[in-house]
Amino acid sequence: MLFAILRAALLSCPRPLLLISLAGWLGLATLQFGVRVPEYCGSLANIDLAYLANIGDRLVFVWHTNSRPTMMANWLLMLLAMMSPLLAQEVNYLWQRSLARRRLRALLLFAIAYLLIWSLAGAFIMLASLVLRLAIGDMRWCFAMLLALALLWQISPAKQYCLNRCHSRPRLAAFGWQADRDSLRYGLQAAFWCGGTCWAWMLAATAAGPAHFPFMLITSAWLLIDRQAPGRAPAWQLPYSLRWYRPA
């Protein structure tokens, strides 16, 4: 059942988005995943404990022992890999609602706004992940706690509200600066509600350690399946796909 929903979603996704996603996955596969926190958290006895006396000092230590460009590249590739297939409906809507001569421009403005919001969200997610991992120390406990948080968020009314908003389609102007404004606003809106839906899973992925890559693959598939469910009243409830939802 879940495989059938996933297959239908992938078949309906525009091919350029699938190619972008594939490029993101290939890029992630060539980089060293994550920041090097587990080795510090898991064996603090091998490090000067006076230097790591508080969370602030630990954050400074991790910050100076990891490549910022690599961290940023990891996050950007993670977005391209996981989020591109989720934008199938938005991209199709923009394409259909824009004049032929403005389509590429509308998509570019949408993508800029979308990546801007997710870049800001990424900074907060990575910072939260670092603080939690350094505070807890044990990588397995940290991942277990974040996974439990993601599962709790998955069945919450707030997450369902965000998912409902992901399905909303704003009016788009056809001409002039109003069309550019609406494309940018649509990108901001899509990223904001998508972030509200996915943030807990993205946070858990940053603490998956050696299982980071396979966990991202599973999470990406689940988010794509979840996005196919129709809107429903926010409440504490199981995801629609686990209640034998069949796409039309």
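The values are calculated or read from the model by the stated rules, or taken from the named source; none is laboratory data. As the structure is a computational prediction, the values presented were derived from the model and not from experiment. Please note: Cβ atoms are built from the backbone with ideal geometry, for glycine as well, and neighbour counts cover all protein chains shown. Keep in mind that these areas ignore ligands, DNA and RNA; they rest on the heavy atoms of the full protein, side chains included. Shrake-Rupley method; radii C 1.70, N 1.55, O 1.52, S 1.80 Å.
Observations on the model:
- Selection from region 73-89 of residues that are surrounded by fewer than 22 Cβ atoms within 10 Å (Cβ to Cβ) and under 20 Å from residue 187 (Cβ atoms): 75, 76, 77, 79, 80, 88, 89
- Among the residues listed as 112, 125, 117, the single one being modelled with pLDDT of 95 or more, open to solvent by less than 60 Å² (accessible area, probe 1.4 Å) and in a helix (DSSP H, G or I): 117
Rundown of residues vs (1) modelled with pLDDT under 80; (2) among the hydrophobic types (A, V, I, L, M, F, W, C); (3) part of a helix (DSSP H, G or I); (4) within 19 Å of the chain's Cα centre (by Cα), yes/no style:
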| residue | (1), (2), (3), (4) |
| --- | --- |
| 17 | no, yes, yes, yes |
| 39 | yes, no, yes, no |
| 49 | yes, yes, no, no |
| 58 | yes, no, yes, no |
| 73 | no, yes, yes, yes |
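- Residues in region 90-109 that are surrounded by fewer than 19 Cβ atoms within 10 Å (Cβ to Cβ) and among the small types (Gly, Ala, Ser): 1 in all.
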